[in-house]
Amino acid sequence: MVSSLDDLKQKIFYDMLGLAGRVFILARYSADVVIGNRGFLPEEKEKGIVLVFNKRMSFEWTDSGISAQLVFGAETHQCHIPHDSIISVFSPELSAQFVVSPASVTGEKEAGKPKKKPEVPEKPARAATEKVVRVDFNRKK
């Protein structure tokens with residue numbers, strides 16, 4: 001039985017790995033994520049980084065996250081991805097994915113903080129609405 005979101009991510013990861021032989025994860029940028037000396041590229045800081053794991057690799061899934069030596073280009077980097085930074089676990093071979101909303105990942109840590117009310121845009125000034133042309137599409141021929 002799965003008792004937490006982190007346990008569910010781990011179970012899905014290993015189930016997909018067993019079925020397909022490789023698994024992809026999408027990790028969001030965080031100061032806690034270690035990608036060796038390489039770090040995150042500017043685009044990866046915005047969109048996240050996709051990492052590939054396969055059965056032949058040596059990696060460890062612990063209570064704090066996944067630790068592995070990953071290869072980028074010709075260099076090997078020691079990496080650690082905390083559970084909170086894993087946004088998606090997916091397998092193209094299985095046409096399956098498990099996605100966690102980034103809001104729910106950060107929401108766990110910010111549960112005690114009051115949520116901001118969404119801002120309601122002000123109504124446009126009357127002068128701007130006077131230039132709107134209304135079209136009646138229900139007119140019969």
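Just so it is clear, none of the values below were taken in a lab; they were calculated from the coordinates. Keep in mind it's a predicted model, so treat the numbers as computed, not measured. Ideal geometry is used to build each Cβ from the backbone, glycine not excepted, and the neighbour counts take in all protein chains shown.
Net length available on complete extension from residue 93 to residue 8 is 28.6 nm, with 0.36 nm assigned per residue and the Cα-Cα distance removed. Computed from phi, the 3J(HN,Hα) profile of the stretch 35-48 under the Karplus parametrisation 6.51, -1.76, 1.60 (θ = phi - 60°) reads 10, x, 7, 5, x, 9, 6, x, 5, 5, 5, 7, 9, x Hz, with x in place of Gly and Pro. How much net charge surrounds residue 44 when only the other residues with a Cβ under 12 Å from the Cβ of residue 44 are counted, with Lys and Arg +1 and Asp and Glu -1? Neighbour charge sum, excluding residue 44 itself: +2. Sorting 82-94, 48-60, 10-22 by their mean Cβ neighbour count within 10 Å, with the most densely packed peptide first, gives 82-94, 10-22, 48-60.
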